Structure formats: structure tokens, C-alpha cells
Amino acid sequence: MNVAFEAGEVDRFRNTVARRLGLQFDDAKLGFLGDLLRRRLSAHGDVCESYLRNLEAGTSQNEWNWLVQELTVPETYFFRNMDQFRAFSEGVLPCRMHARETHRRLRFLSAACASGEEAYTLAILLREVSADPSWAVSIQGIDVNPAMLEKAAHARYSSWALRETPLDVQRRWFRPEGRDIVLDETIRASVHFGVRNLMEDDSEIWQPEAYDAIFCRNVIMYFTEEASKAVVARITHALAPGGYLFLGHAETLRGLSHDFHLHHTHGTFYYQRKEGADQPAKRFSTGMATTSTLVAPPLAAIVDEADTWVGAICSATERIQALAKAPIRPSLPGRSIPISHVEPGWNLRIPLDLLRREHFAEALDVVQALPPESAHDPDALLLQAVLLAHSGRLAPAEEVCRRLLKIDELNSGAHYVLALCREGARDQPAATNHDQVAVYLDPAFAMPRLHLGLLARRAGDSDTARRELG
């Protein structure tokens, strides 16, 4: 059945999928969506208008179940990203057991659990780390794909699903059965699965302050911004104060929420819900400069002139500084969460223009003369920190950055400037840590990677230097 679509029909299908499942498909995926829509019309012998109308009305759950299998990515395996599970068992679990000592009850959620490996990994860790039977432990796995949950319920896997599972764990909790490997019944019985759509405000799943930790990994990276914010808001509501959230390595809460502290341990990043975070999130106005515009210059100013890489670094800096010649955008990338619709009573255009023309002292004078209220504006604080660093006043620059991070803990620019300040204080481990945080929060931010490369090169770590500079 060769279907020719009317104008806008494939886009309408894309929008319907986004509303129902939260999934985002850019224009490059319109061909894939068109092929999928064509196949479904052929399977039903339906016309496009009727099919789309039924999808929008939600009258065919079976059809949505079929589409979910085509549109979602169910790839997972046991002990995936082991560093996160180490952080969970060695840091998060003892912390939550201490917090729950009175009631001796723990609850965990594996959101978008696919075929169950993540949820079962949590069950294995809980059994091995805390064998005290007086604790009541609940693990819930949810996914929108019924076929994947059916596989999870059977708990039968191929050896490939255990490729990162330690051999001693395999021997204790798995047994071969024909070509499959079967999970121990006691572990299997400790996890409960249910079909749930993260886009739905399900009161049974999203009970207030119910969970001690939620794993929602490699999910929001596929969502629209609106869907991501909605899911993160539900997670915030459902986590106990002090509870933990694990995202995928390529995911961040930057631009989505200010209700969490960022943790960096065991070689990984994860989040802890702030006390009182279920109140409306603290909002702030965003300023006029891009992160790269603000924080590119200090590296060239601090690099040792005798360094043989200085030419390459300065050239890279110049390329990044060239971005400043583009029209100024209305907000910083990834931080578009305004406090209100009222513009601040000060303008950063003048000091930014002075910064671009390398009139650093004059720019700093303008920033420091801003009204007292500007002390709560992240962009004004970041600009002040950059200018202080330019002038070699690293201690005041660091103090301003720490004030900024109390307002916006996920500010990648502040972490980068802190890395420069810590290097100036000869504290290379802290400098490296702040650069790594900056890169995690904003993977497209080039300067912390350049700085990491220089730090590694000076420490004699040529492999890391080559990777980061590359």
C-alpha cells in the first residue's frame, strides 16, 4: 500500500506521539515516522485521517502498544554503568538506611525499566548489601512497553544480558536452563512490575515522598523539553526529601530543575533531592550572554606562555570568542527557567560589550556598580567572576562563583571558572573535578575540556590529554 500523505500529516503523527509518549523526533526523523505511519495504515487498511483521529482520541490501546515497540529503545543489561551501582550501594543505600532507621522501610523505583535488568540489579545489590530481614524493601519497575515487561516477569535472559555482571554474582543468583539464563526466584519475587506511561500523572506510582531512590536512566534524552520537565517534576514529588535520582550518563537536570544537589562520587554523577524541594522551584531571570561568550577568555589569560600548546589553545579560544559577534540571545543555553516575567532592572549588554573589546577593568567597574539586587542574578555573578579571574583576583572570583552556585548549583560556567581558580591555587584535583562537572552539565561547552587536556598534559597523563584536547 503506497500512501501519499497530505501536507502536515506526518508532522501531526509526530505531535501525537510527543503528547502521548513524550518522545521527540527532529525533522531528520520524519522519513522514519512516515514509513512507520505508512506501514500501520497498510496493516489496518485505514485512511490517514481516520487513523490519526483514533490515535489522538486514545481509543486503541493495542495500537499504541504496537507503536511503543517501534518507537522506544529497550536496550539494557544487568549492572549497566557499574559506577552508578557502586555509588548506590556504597553511598546512597547507607544514607537512606540511616534516614529510615525508625520505620525500617525502603522503596525504590526503576522507571522505564524495559526488560527488568536494572530493577533486578537493584534487588541483587539490596540482598547482598543489606541482608537484615527486619527491613521491608520494595522495588517497583515500570515501563510503557507491555512486551518488555512480560519478558521481565519471566526473568529469562541470554548470556549477553550478563556481560557486565561479576562472575561471583552470576554464580549466586543465576542458573542456566537450556539456552537461557534464569534469575533466582527469590530475587525475581522481590520486584514488582507494571505498565505505566511516564507522561501520565499516575497517583499510584507518583505518591508524595514515596521513594528513597529512583533510577530513570537514558529516558529524558529522548523526550521533548516539556515532557522532560513534567517527568522530573513527578520524580521530585515522589522522592523523599534527601532521596536520590540516577539519570543516564548523557543526561542532566540542567535547565530542568533546581530541586536537586549534584553529587560526583565513584566516577559518576547523580542527584539528591533538596529538603523542601517539592515547593515551587526557585526561579530566576536569565541574562543576555551565552556561556561560551562569558567564560572562554580566562583560559588564555591563565595558560603559561611557555606552554607549547598555548598557540592551539588561544586559537580555539579565539574561535569560541567569535561566537560573541553573533546576535546576543535572550537566555543562557540550558538555563531557561525564569523566576518571573519581569525583566531585571539592570542591563548586562554594556559590560559584555566591554568584555568583548577586552576592556576588563572598565567592565568590572560597571558590574560592581550594578544595583544590590543583581547579587541574586546568576548571569551578573558569572560575568563578575570571569572579570575578576581576568584581573588575576582568583580568590574573589572563587567566592563569587560559590555564591552563584548557591543560586544555580548546575551552572557549568561557574564550575569552569572555579576550575581555573583552583588551578591558580595549585589544587589540581579540585580543578579537574570542577572541569568534569562543567563538561557533564554542558557537554557542548568546549573550554573545560581544553582545560582538562592541559591539566592532564602537565600531570604527564598523555592519554587523557589527547582525549580531552581531541
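The values are calculated or read from the model by the stated rules, or taken from the named source; none is laboratory data. Note that the coordinates shown come from a computational prediction; the quantities given were computed from them, not determined experimentally. A quick note on method: Cβ atoms are made from the backbone with ideal geometry, for glycine too, and the neighbour counts reach across all protein chains shown.
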Failed condition for SER374, given (1) closer than 18 Å to LEU348 by Cα; (2) in contact with a Cys (Cβ under 6 Å, 6 or more places away or on another chain): (2)
Do the conditions hold for LEU370, that is, is it of a type in the set (A, V, I, L, M), in contact with a helix residue (DSSP H, G or I) (Cβ under 8 Å, 6 or more places away or on another chain), surrounded by 14 or more Cβ atoms within 10 Å (Cβ to Cβ) and in a helix (DSSP H, G or I)? no
Working carefully through the options VAL386, VAL417, VAL400, VAL439, find the one that is in contact (Cβ under 8 Å) with a residue 60 or more places away in the chain and under 26 Å from TYR271 (Cα atoms). VAL417
Before we move on, is ARG426 basic (Lys, Arg) and assigned to a helix (DSSP H, G or I)? no
Out of (1) out of contact with any Phe, Trp or Tyr (no Cβ under 7 Å at 6 or more places or on another chain); (2) at pLDDT 95 or above; (3) on the phi < 0 side of the Ramachandran plot, the one ALA114 does not meet is (3)
Do any helices (runs of 4 or more DSSP H) lying entirely in segment 70-134 carry at least 2 residues that are of a type outside the set (Asp, Glu) and touching a His at 6+ places or on another chain (Cβ under 8 Å), and which ones are they? 82-87
Six or more apart or on different chains, Cβ atoms under 7 Å: show the pairs whose first residue is in segment 79-90 and in the same structural domain as SER110 (by TED's automatic domain parsing) and under 17 Å from GLY242 (Cα atoms) and whose second is among the aromatic types (Phe, Trp, Tyr) and surrounded by 22 or more Cβ atoms within 10 Å (Cβ to Cβ). ALA87/TYR270
Report yes if ALA123 is within 30 Å of ASP202 (Cβ to Cβ) and within 28 Å of the chain's Cα centre (by Cα), otherwise no. yes
Give the residue, chosen from GLU128, GLU90, GLU117, that is charged (D, E, K, R) and over 23 Å from the mean Cα position of the chain (by Cα). GLU128
If you check ALA213, ALA153, which single one turns out to be within 29 Å of GLU275 (Cβ to Cβ), touching a residue at least 40 places away in the same chain (Cβ under 8 Å) and of a type in the set (A, V, I, L, M, F, W, C)? ALA213
Over segment 1-51, the set of residues of a type outside the set (S, T, N, Q), assigned to a loop (DSSP other than H, G, I, E, B) and either surrounded by fewer than 13 Cβ atoms within 10 Å (Cβ to Cβ) or touching a residue at least 40 places away in the same chain (Cβ under 8 Å) (or both) is MET1, VAL3, ALA4, PHE5, GLU6, ALA7, GLY8, GLY22, ASP26, GLY45, VAL47
What's the number of the only condition in (1) of a type outside the set (Gly, Ala, Ser); (2) at positive phi; (3) modelled with pLDDT under 80 that VAL342 fails to meet? (2)
Sole miss for GLU275 among (1) of a type outside the set (A, V, I, L, M); (2) under 26 Å from LEU420 (Cα atoms); (3) at pLDDT below 95 is condition (2)
